[in-house]
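A short worksheet on the structure shown next.
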Amino acid sequence: MLIAGFTVFLGYQWQHMRFTYTEANLLPDDHEINLEYNAFLDKFGEEGNLIVIGIKNDSLFTPEILNKWNTLASQINTYEEVTLSISLQDLKILDKKENPARFDLKPFIVDSVTSSKQASNYRKQLFNDLPFYENLIYNKETGTVRSAIYLDKNIVNTPVRRDFIVNDLIPLIDRFEKETGLQVRTSGMPYIRTLNSQNIIDEIGLFVGAALLVTSFIFFFFFRSYRATIISMITVIIGVMWAFGFLGLLGYEITVLTALIPPLIIVIGIPNCIFLINKYQQEYKNHGNKAKALQRVISKIGNATLMTNITTASGFATFILTESSLLKEFGVVASINILGIFLLSLLIIPIIYSYMPPPQEKHLKHLGKKWIEGFVDWMERMVRNRRIEIYVVSIVLLAASIIGIYQIRISGSLIEDMPKETEFYKDIKFFEEEFDGIMPLEILIDTKRKKGVMKLATLKRMDELSDVIEEQPELSKPISIVNLVKYAKQAYYNGSPKYYQLPSSNERNFILPYASSFSESTNLMGAYVDSTGQYARITTFMKDIGTDKMERAEDNLRTKIATLFPKDRYEVTLTGKALVFQKGTNYLVLNLVISLSLAVLLIALFMAWMFRSFRMILVSLIPNLLPLLVTAGMMGFLGVPIKPSTILVFSIAFGISVDDTIHFLAKYRQELKANKWKIKKSVYASLRETGVSMFYTSIVLFFGFSVFMISSFGGTVALGGLVSATLLFAMLANLLLLPSLLLSLERSIANKKVLKEPALEILTSEEDQDVKS
């Protein structure tokens, strides 16, 4: 009744669950990069508010299609979520007027297009006479034309953005495509984030369903019992309900990481069920007393399972100590739910079995399967006769892994993990090719004095920096106030494209009155110069490049900035989403090392508390660290980069794989006591006893984590594959390397003094105690 009541309570918390509408910020709030980014946002507001739609087709400049393209832009403009739209029909041409000296804004397209000649003239004028709009609206070389849609900055990180894109924008574009037969490409950070988060939401259900299916199938394959399978499924389904409930209760957003927790609970919960049900059936087979069997399950398996769940939870809990809120939330929810699924399995399974008839002969058949016995015999033969070969293979694997580790690269890409088969990913690549990227990189220039931006010296420095940016193949043509001033000069000389350049000091005096009247009437400068005229921004867009290339581009820019902008007169900051994410990834790598070291330290302390022996700590850690090194080596050889998703592999795998070590060593201690300190006999008995369950649980975990490989997100696929591989290596290390080490170091490890420590009373309180069947 308590479990049902608490489940209902957590069920009510589902209403507080919310999906994330912002990018994952991997840096702590007080990190320098974050502070600089927030200072930029204070001056110019949210920068990731641009959506672009584009067409690469010459038939756009035919009367019918051009009119429909303009109609689409007009319809988009009517929505209150859109603050500004720059499409062909929104383009303005500066028109010089005298008395008083001013620029008027003349529309580029006046009315609907009626003839092919008129459409062709518009194309010619756009591509030849309006360099101000090049790379903003058109690509001169390929003929691609796009529209820029600026969303209201206040809705960019809210559900309103999603509703507008999904319910309004996408249907409008679909209708245009249907009417014209042309393909419209759509991109920009708000659009990408919306469709990407929709993919995350869709995959949660897929993962939970697949994890339940795979684990229940394997469970049934081992136990051949519908009853045991259904009881286990009920347990983990309640665990999943709790996982969602805790997300709502704590007010955490569902991110690409927290979305993994429900299927993770299934994968980790099923081994608990295997231990408990296996032990119950084994006890019942030994003495035929149901009540005694259930009592022993709770008193004996309960302790060992509590320890293993604590170590697993510790692996996740180390993320709480990082400064990243994304990882903190993941660590908190995962560790709480791992302990929750332990309590559920320890309570639900014995309670349900106590109301059911005892197991029949058919339910106990799996305990004596020949192929399992064959597997255990093979392990024993290997440990007994092939220890040298086991050590040689381990050393070769270690050496190869170290070589592989040196080839690992770090990836700070915002879009690398996104589903490659989706249309929105193909559209990202399209705009990257046509307009050199969609990830904003911002340069904030503080002139340290009011109206300092419009000084000609500042404009010239900005222009020179813009040239440097344009020369970098990874960056797009920049946009700043400089473009507008150049356009003002072109307009002053009656629109001649050859005058699209900064005015000289003499020209500045008579062009400025025109430009100031124009900027006051349109507020076009507001996007690139703040209201005081002290701060300016240069916006460029970055291709999806690796961290190393991004760092090189950043170094080049910083070197040029240091040369062009003296520190005593200017303060220049590089910021923007692309840079924040890249720095966040580097920060995560540091946190990976810290969290993994903490996990190793925690488990070493745990082993020290259990066994009171330094050599036992070494013996227990070696079989668990080797699989991690092998996995890291595989990442290097396979070209899987370190990134936010793959960073989790090591702490997760270590926390889970050390469970087998605890079970094996605990059983080994019991056998030593029972066998009067005969080490060989104790090792082989422990191997035979624990080998079966370690094999069962490792298979469940292997296939359970493999479920993540059906994801369309590259990072989730890598996470699933790498954790599965690590756990398989860990099983072999614990079943072959660990007993071999115990036998090789037997004289040092086996001493009665160690066994008399009170901490071990948990494990050795009864002669016949069985920690893990």
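The values are calculated or read from the model by the stated rules, or taken from the named source; none is laboratory data. Keep in mind it's a predicted model, so treat the numbers as computed, not measured. Using ideal geometry, Cβ is built from the backbone for each residue, glycine included, and neighbour counts are taken over all protein chains shown. These area figures cover heavy atoms from the full protein model, side chains too; ligands, DNA and RNA do not enter into them. Shrake-Rupley method; radii C 1.70, N 1.55, O 1.52, S 1.80 Å.
Just need a number here: residues in segment 573-587 that are hydrophobic (A, V, I, L, M, F, W, C) and at pLDDT 80 or above.
Number of matching residues: 3.
Does residue 646 satisfy the criteria of being farther than 18 Å from residue 733 by Cβ, outside any helix (DSSP H, G or I), of a type in the set (Val, Ile, Thr) and open to solvent by less than 10 Å² (accessible area, probe 1.4 Å)?
So residue 646 fits the description; yes.
If you check every pair at least six apart or on different chains, which have Cβ atoms under 7 Å apart with a residue in segment 89-117 that is among the basic types (Lys, Arg) first and a residue that is surrounded by fewer than 14 Cβ atoms within 10 Å (Cβ to Cβ) and modelled with pLDDT of 80 or more second?
92/106; 92/107; 96/494
Mind checking which helices (runs of 4 or more DSSP H) fall wholly inside segment 653-750 and carry at least 1 residues that are closer than 25 Å to residue 315 by Cβ, open to solvent by 10 Å² or more (accessible area, probe 1.4 Å) and at pLDDT 80 or above?
In segment 653-750, the matching helices (runs of 4 or more DSSP H) lie at 679-706, 714-732, 738-744.
Considering each of 579, 602, 618 in turn, give the residue that is open to solvent by 30 Å² or more (accessible area, probe 1.4 Å), more than 19 Å from residue 726 (Cα to Cα), part of a helix (DSSP H, G or I) and touching a residue at least 12 places away in the same chain (Cβ under 8 Å).
Checking each option against the conditions leaves just 602.
Matching residues to (1) modelled with pLDDT of 80 or more; (2) open to solvent by 20 Å² or more (accessible area, probe 1.4 Å):
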residue	(1), (2)
508	no, yes
526	no, yes
530	yes, yes
536	yes, no
541	yes, yes
547	no, no
556	yes, yes
560	yes, yes
571	yes, yes
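Does segment 118-127 hold any residues that are in contact with a helix residue (DSSP H, G or I) (Cβ under 7 Å, 6 or more places away or on another chain) and open to solvent by 60 Å² or more (accessible area, probe 1.4 Å), and which are they?
120, 123
Yes/no per residue for (1) small (Gly, Ala, Ser); (2) touching a Pro at 6+ places or on another chain (Cβ under 9 Å):
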{"residue": "580", "(1), (2)": "no, no"}
{"residue": "599", "(1), (2)": "yes, no"}
{"residue": "635", "(1), (2)": "no, yes"}
{"residue": "642", "(1), (2)": "no, no"}
{"residue": "651", "(1), (2)": "yes, no"}
{"residue": "659", "(1), (2)": "no, yes"}
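Note down all Cβ pairs under 8 Å where the first residue falls in segment 56-85 and is farther than 18 Å from residue 138 by Cα, the second is basic (Lys, Arg), and they're at least six residues apart or on different chains.
Cβ pairs passing all conditions: 81/161; 83/153.
Hey, can you tell me all the residues within segment 466-484 that are touching a Pro at 6+ places or on another chain (Cβ under 8 Å) and either open to solvent by less than 20 Å² (accessible area, probe 1.4 Å) or outside any helix (DSSP H, G or I) (or both)?
Scanning segment 466-484 gives 466, 469.
Can you tell me which residue in segment 52-106 is nearest to residue 427 (Cα to Cα), limited to those that are among the aromatic types (Phe, Trp, Tyr) and not in a helix (DSSP H, G or I)?
Ranking the candidates gives 79 first.
Restricting to segment 290-315, name every residue that is closer than 15 Å to residue 277 by Cα and open to solvent by 60 Å² or more (accessible area, probe 1.4 Å).
291, 292, 295, 298
For segment 130-147, state whether one or more residues are under 23 Å from residue 440 (Cα atoms), assigned to a helix (DSSP H, G or I) and open to solvent by 60 Å² or more (accessible area, probe 1.4 Å).
The answer is no, given that none of the residues of segment 130-147 is under 23 Å from residue 440 (Cα atoms), assigned to a helix (DSSP H, G or I) and open to solvent by 60 Å² or more (accessible area, probe 1.4 Å).
Condition check: under 26 Å from residue 636 (Cα atoms) and free of Cβ contacts under 8 Å to residues at least 40 places away in the same chain. Does residue 393 satisfy that?
Yes, satisfied.
Filtering segment 584-599 down to residues that are open to solvent by less than 10 Å² (accessible area, probe 1.4 Å) and of a type in the set (Gly, Ala, Ser), which residue is nearest to the chain's Cα centre (by Cα)?
Out of the qualifying residues, it is 584.
It is to be established whether one or more residues within segment 327-338 are part of a helix (DSSP H, G or I) and surrounded by fewer than 16 Cβ atoms within 10 Å (Cβ to Cβ).
No - not one qualifying residue is present in segment 327-338.
I'm told residue 403 meets every condition in (1) touching a helix residue (DSSP H, G or I) at 6+ places or on another chain (Cβ under 8 Å); (2) open to solvent by less than 90 Å² (accessible area, probe 1.4 Å); (3) of a type in the set (Val, Ile, Thr) except one. Can you identify the failing condition by its number?
Of the numbered conditions (1) touching a helix residue (DSSP H, G or I) at 6+ places or on another chain (Cβ under 8 Å); (2) open to solvent by less than 90 Å² (accessible area, probe 1.4 Å); (3) of a type in the set (Val, Ile, Thr), the odd one out for residue 403 is (2).
Residues to consider are 260, 247; find the one that is in contact with a strand residue (DSSP E or B) (Cβ under 7 Å, 6 or more places away or on another chain), part of a helix (DSSP H, G or I) and more than 25 Å from residue 302 (Cβ to Cβ).
On inspection, the qualifying residue turns out to be 247.
Considering each residue of segment 418-435, count those that are open to solvent by less than 40 Å² (accessible area, probe 1.4 Å) and of a type in the set (Asp, Glu), and give that number.
Residues that pass the stated criteria total 3.
Name the pairs whose Cβ atoms lie under 9 Å apart, with the first residue in segment 220-234 and closer than 18 Å to residue 695 by Cβ and among the acidic types (Asp, Glu), the second open to solvent by 60 Å² or more (accessible area, probe 1.4 Å) and modelled with pLDDT under 85, and 6 or more positions between them or separate chains?
Note: no pairs meet the criteria.
Using the structure shown, decide if residue 196 is open to solvent by 20 Å² or more (accessible area, probe 1.4 Å), in a helix (DSSP H, G or I), free of Cβ contacts under 8 Å to residues at least 12 places away in the same chain and of a type in the set (S, T, N, Q).
no
Any idea which of 160, 110 is of a type in the set (A, V, I, L, M), out of contact with any Ser or Thr (no Cβ under 9 Å at 6 or more places or on another chain), in a helix (DSSP H, G or I) and modelled with pLDDT under 90?
160
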